[in-house]
Amino acid sequence: MLDKADGQIFSGNVRLIHAVGMHARPAVKLTKLAKKFEAQISVRVEGAAEWINAKSVAKIMAMRAAHGSTIEIKASGGSDAEAAVAALVKLIETDFPDEVS
Amino acid sequence: MQGGAQHLAYRGRTASIGFAHGPFVRVDADTGGERVAGSLVEEALALRKAIDTASGQIAELAAIAGGEAAQILEFQVALLEDEDFIEEIFAAIGEGDAADVAWRSALDAQIADYNSAEDEYLKARSSDLADLRDRVIMILRGGGGQAVRIPGGAVVCADDLPPSRFLEIDWSGGGGLALLRGSPTSHVAMLARARGIPMVVQLGAVPELGATALLDGEGATLELDPNSEQLRLFEKRREIHRKSRASARAILRRPTALWRGERIKLFINIQHVDDLAHADGQYADGIGLMRTEFLLTERDGLPDEEAQFAAYDAVLRWAGQRPVTIRTFDAGGDKPVPGFTLDGEANPFLGIRGLRLCLARPEIFAVQLRALARAAVRGNLKVMFPMVTSADELEAGRKLFADIVQRLQADGIAAMLPELGIMVEVPAAALAVSSFKASFFSIGSNDLAQYVLACDRSNGALAPLMDPLHPAVLELIARTAEHGRRAGISVSLCGDMASDPRCLPALLNCGLRELSVTTSALAQIKQTIDRLGSGGGLG
């Protein structure tokens with residue numbers, strides 16, 4: 001699922017299975033997780049013109065990613081870019097689970 | 001009697017069921033008024049401070065409210081912590097805008113964007129943004145963001161009401177919420193339902209004045225300054241509603257559900273340890289299905305033995321003497337788990353899923369079996385395997401499990417082999433049910449129907465065909481129940497059918513005497529069995 005691009009950019013694709021698409025709750029979870037990483041992380045709906053900062057909840061909401069769309073993720077910089085992509089892919093793939101307390 | 005507009009009723013849409021009769025209070029947010037702007041630096045500081053104060057207030061509200069309300073407020077906090085978003089507002093201040101003007105125009109732009117969305121769910125989020133906008137502006141104006149005092153039991157009327165305002169109102173004395181706009185899918189509607197506060201939305205124009213109001217969340221009506229006849233009819237509707245709820249609650253508290261003199265055991269399904277917080281769960285005969293997939297979604301890889309043991313142990317402690325049936329990992333199909341399930345299967349529903357996957361990944365399965373073997377000595381544990389096709393698979397699972405128990409015991413660790421059963425969801429298992437040496441069977445009607453009817457259950461276009469009451473599905477349920485009855489083996493059903501009152505007559509007629517339902521459906525299912533048992537509704 002993950003492929004290393006040239007240099008230090010890591011990327012991944014994942015299908016959004018959340019029933020209502022990228023709405024408030026998933027967007028909050030996604031940005032919270034993204035902020036745990038030092039790397040710069042961008043996302044977009046597959047094929048969209050613009051990459052969006054994965055740490056901005058306002059921009060993630062504005063992306064209007066619908067149920068069933070494919071989300072592209074790329075990350076660079078920091079020491080954790082590869083882990084960031086893997087973590088975000090997992091979050092979306094597992095349908096934004098609540099953390100186990 | 002007076003005539004005129006006074007006794008008119010206004011009709012809207014139901015957002016939360018229930019009845020309220022009390023003083024009529026309008027609470028439209030007032031964000032007008034002036035504020036004197038300072039220098040660029042002062043304005044930037046003022047906004048920074050207001051944002052911090054708002055963050056603190058919202059966090060405090062979230063802590064008091066907890067649960068779903070806290071999650072709703074989290075979106076507002078996330079927005080305040082969104083550097084991209086906040087930076088643009090500070091940039092506007094840098095160009096000479098006053099703090100409140102810059103803040104308002106940024107929020108208004110977002111609100112307009114949400115309102116222009118096609119999707120009702122997204123539109124509903126705009127009231128969260130308006131909530132945040134008004135809170136910060138109120139703080140900038142020197143107000144503490146305090147709510148108007150609202151008398152207990154009031155019917156609160158507003159254009160729309162943001163979630164944080166809802167939480168600031170004291171609902172302990174009852175009351176209701178009447179919104180001129182609003183939406184049944186808004187956050188505030190979720191909060192009202194969770195609190196049992198009646199709520200009607202989209203009432204349109206309602207007069208500003210009124211002393212008392214009647215709000216009927218079922219009929220979606222608001223009546224202002226009612227006359228005695230309106231009041232009498234309202235009280236009658238309220239009484240019918242109250243009786244029907246009270247009888248469901250009363251039946252819930254009875255020790256057993258009876259149908260034609262036979263005891264029907266009712267268990268609950270849980271997905272997560274937290275699900276046990278639902279108050280109705282205590283009236284169940286036990287846990288008929290504890291799913292364990294939630295353990296696979298931990299952030300740092302697959303769960304270790306201790307984390308699993310702690311979860312199983314917590315559930316067994318909750319259940320006391322009552323049986324707890326835990327299903328081993330049911331990953332694959334529509335439930336992919338990175339690092340566990342296989343990628344690239346052409347047809348995952350017919351692929352390596354359920355027990356097939358666990359047997360293919362014994363190193364992961366063994367950890368779960370160890371945790372279960374240790375938990376088995378702590379309570380009345382039963383373990384079931386999902387997606388079983390042949391008796392050999394059950395025996396392979398049993399052998400793995402028995403070996404693990406033996407090794408634990410050899411190491412001096414308390415462990416035992418619990419009762420082992422299978423899910424009946426593959427048609428082959430239902431047809432050859434007598435070939436399995438299982439201690440119990442649990443019918444997974446969702447997958448069973450999907451496989452019997454050859455309908456992908458995630459494909460909405462097939463919904464009309466996806467009928468769990470199809471005679472072929474019922475035939476397999478009846479055969480499984482019949483085998484259990486003859487062999488003296490317990491057979492239950494834990495799919496969605498069990499929680500659907502419309503399916504109950506068919507399930508009872510198929511011979512099922514044990515059902516496992518979602519906790520919130522327990523009262524209704526118990527009541528339905530009681531009604532059917534006393535002669536109603538069975539054809």
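The values are calculated or read from the model by the stated rules, or taken from the named source; none is laboratory data. Please read all numbers here as calculations on a predicted model, not as lab measurements. Cβ coordinates were reconstructed from backbone atoms using ideal geometry, including for glycine residues, and neighbour counts include every protein chain displayed. Areas reflect the complete protein model, heavy atoms only, side chains present, ligands, DNA and RNA absent. Shrake-Rupley method; radii C 1.70, N 1.55, O 1.52, S 1.80 Å.
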note = From the option list B:Glu95, B:Glu81, B:Glu87, single residue qualifying as over 23 Å from the mean Cα position of the chain (by Cα) and more than 10 Å from chain A (Cβ to nearest Cβ) is B:Glu95
ask   = Limited to segment B:309-334, what total is found for residues that are open to solvent by 30 Å² or more (accessible area, probe 1.4 Å), of a type in the set (D, E, K, R) and within 22 Å of A:Thr94 (Cβ to Cβ)?
value = 1
message = Being within 14 Å of chain B (Cβ to nearest Cβ), crowded, with 18+ Cβ neighbours inside 10 Å and among the acidic types (Asp, Glu) is the requirement here; does A:Glu50 meet it?
response = no
message = With the requirement that a residue be assigned to a helix (DSSP H, G or I), open to solvent by 10 Å² or more (accessible area, probe 1.4 Å) and either among the aromatic types (Phe, Trp, Tyr) or out of contact with any His (no Cβ under 9 Å at 6 or more places or on another chain) (or both), what does segment B:414-446 give you?
response = B:Pro427, B:Ala428, B:Leu431, B:Ser435, B:Asn446
query = Inside segment B:293-319, can you point out the residues that are more than 10 Å from chain A (Cβ to nearest Cβ), part of a loop (DSSP other than H, G, I, E, B) and either in contact with a Leu (Cβ under 9 Å, 6 or more places away or on another chain) or modelled with pLDDT of 90 or more (or both)?
reply = B:Leu302
inquiry  = Filter segment B:55-78 down to the residues that are away from chain A (no Cβ under 14 Å) and acidic (Asp, Glu) and list them by number.
reply    = B:Glu60
request  = Check whether at least one residue in segment B:360-379 is more than 29 Å from B:Leu316 (Cβ to Cβ) and away from chain A (no Cβ under 14 Å), and report yes or no.
outcome  = no
request  = Among the candidates B:Gly173, B:Gly142, single out the residue that is closer than 15 Å to B:Leu215 by Cβ and open to solvent by 10 Å² or more (accessible area, probe 1.4 Å).
outcome  = B:Gly173
remark   = Selection from segment A:24-42 of residues more than 10 Å from chain B (Cβ to nearest Cβ), touching a Lys or Arg at 6+ places or on another chain (Cβ under 8 Å) and under 15 Å from A:Ala65 (Cα atoms) yields A:Ser42
task = Can you work out which of the residues in segment B:339-358 that are assigned to a helix (DSSP H, G or I) and touching a residue at least 40 places away in the same chain (Cβ under 8 Å) is farthest from the other protein chains (Cβ to nearest Cβ)?
result = B:Leu355
ask   = Do we have any residue at all in segment B:276-292 that's within 14 Å of another protein chain (Cβ to nearest Cβ), open to solvent by 50 Å² or more (accessible area, probe 1.4 Å) and either modelled with pLDDT under 85 or in contact with a strand residue (DSSP E or B) (Cβ under 8 Å, 6 or more places away or on another chain) (or both)?
value = yes
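Within segment A:1-99, which strands (runs of 3 or more DSSP E) (wholly inside it) include 2 or more residues that are at pLDDT below 90?
A:2-4
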Extreme residue, nearest to the other protein chains (Cβ to nearest Cβ), among residues of segment A:67-101 that are more than 14 Å from the chain's Cα centre (by Cα) and either open to solvent by 50 Å² or more (accessible area, probe 1.4 Å) or free of Cβ contacts under 8 Å to residues at least 12 places away in the same chain (or both) = A:Pro97
remark   = Checked against (1) open to solvent by 20 Å² or more (accessible area, probe 1.4 Å); (2) away from chain B (no Cβ under 11 Å), A:Arg15 satisfies every condition except (2)
task = Considering only segment B:71-115, state which residues are among the hydroxyl-bearing types (Ser, Thr, Tyr) and open to solvent by 50 Å² or more (accessible area, probe 1.4 Å).
result = B:Ser105
note = Those residues of segment A:26-39 which are closer than 18 Å to B:Glu81 by Cβ and crowded, with 18+ Cβ neighbours inside 10 Å amount to A:Pro26, A:Ala27, A:Val28, A:Lys29, A:Leu30, A:Thr31, A:Leu33, A:Ala34, A:Phe37
key: Count of residues meeting criterion [open to solvent by 50 Å² or more (accessible area, probe 1.4 Å), among the basic types (Lys, Arg) and under 17 Å from B:Val424 (Cα atoms)] in segment B:344-387   = 1
Evaluation of A:Gly21 against (1) open to solvent by less than 40 Å² (accessible area, probe 1.4 Å); (2) more than 11 Å from every other protein chain (Cβ to nearest Cβ); (3) on the phi > 0 side of the Ramachandran plot (one fails), failing number = (2)
remark   = Screening B:Arg238, B:Arg133 for residues that are open to solvent by 10 Å² or more (accessible area, probe 1.4 Å), in contact with a Phe, Trp or Tyr (Cβ under 8 Å, 6 or more places away or on another chain) and either under 30 Å from A:Arg25 (Cβ atoms) or small (Gly, Ala, Ser) (or both) leaves only B:Arg133
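Of all residues in segment B:145-160, how many are in contact with a Gly (Cβ under 9 Å, 6 or more places away or on another chain) and either at pLDDT 85 or above or open to solvent by 40 Å² or more (accessible area, probe 1.4 Å) (or both)? Working first, answer last.
Step one: filter segment B:145-160 for residues in contact with a Gly (Cβ under 9 Å, 6 or more places away or on another chain), giving B:150-160.
From the residues that got through so far, the ones that are either at pLDDT 85 or above or open to solvent by 40 Å² or more (accessible area, probe 1.4 Å) (or both) too are B:151-160.
Qualifying residue count, segment B:145-160: 10.
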Any chance B:Ala314 is within 17 Å of B:Glu514 (Cα to Cα), out of contact with any His (no Cβ under 9 Å at 6 or more places or on another chain) and aliphatic (A, V, I, L, M) = no
inquiry  = Among the listed residues B:Asp52, B:Asp108, B:Asp100, identify the single one that is of a type outside the set (Ser, Thr, Tyr) and within 14 Å of chain A (Cβ to nearest Cβ).
reply    = B:Asp108
